[in-house]
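To keep things clear, I will list the structure first and then write my remarks on it.
The values are calculated or read from the model by the stated rules, or taken from the named source; none is laboratory data. Keep in mind that what you see is a predicted model, and the values were worked out from it rather than measured. Here Cβ is always computed from backbone atoms with ideal geometry, including for glycine, and neighbour counts include all displayed protein chains.
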Amino acid sequence: MFESLQIADLWIVFCSIAVYQLILQYRSSGRLRYDEGTPKLLQILTGMPALLVLIIFLADPDLPHAKPFTMTAGIDLAGLLFFNVAALLVLWSHITLGDCWSGDLETKSDHRLVDKGLYRFIRHPLYSSYMLLAIGLFLLSDNWWVGLSTLVYFIAVAART
């Protein structure tokens, strides 16, 4: 029962973040974009396998076994906590950034440094939350493939900027 709730939680959070970021991406069109080259390519090349691993895992959590440890209730709850806190931090960061957020490297004529909300305490809260998402996924899934692929992807995202 608890595993079913975890899988449902993962699906809901990932789909919510994806839809929200797509909406923000659509709204941010028409700005001056930078040619990102290799860092963007690295993000795509690490993101596709990570997405494939996640889809396989979410479709059948028992299929891709690579279990480094035996799942306990404490590890399970820690993973759930890390994952959901990270998702809330992503949302809070996006809300704080407002129109300054973009999925691509770009600037606007009225671009400004954001130093309120979560950005008052952490310089890059989105990247920090992505690392927490990867840790939470690893603990929730008890699977090296899931943990490692998402961690490598999020490092590529952070390296891009």
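Computed quantities for the displayed model
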| item | result |
| --- | --- |
| Close pairs (7 angstrom Cβ cut-off, 6 or more residues apart or separate chains): more than 23 Å from residue 159 (Cβ to Cβ) and surrounded by 13 or more Cβ atoms within 10 Å (Cβ to Cβ) in region 96-123, among the polar types (S, T, N, Q) and at pLDDT 80 or above anywhere | 117/96 |
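Here's the yes/no breakdown for (1) loosely packed, with under 14 Cβ neighbours inside 10 Å; (2) modelled with pLDDT under 70; (3) in a helix (DSSP H, G or I); (4) among the charged types (D, E, K, R):
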residue	(1), (2), (3), (4)
48	yes, no, yes, no
56	no, no, yes, no
67	yes, yes, no, yes
75	no, no, yes, no
89	no, no, yes, no
93	no, no, yes, no
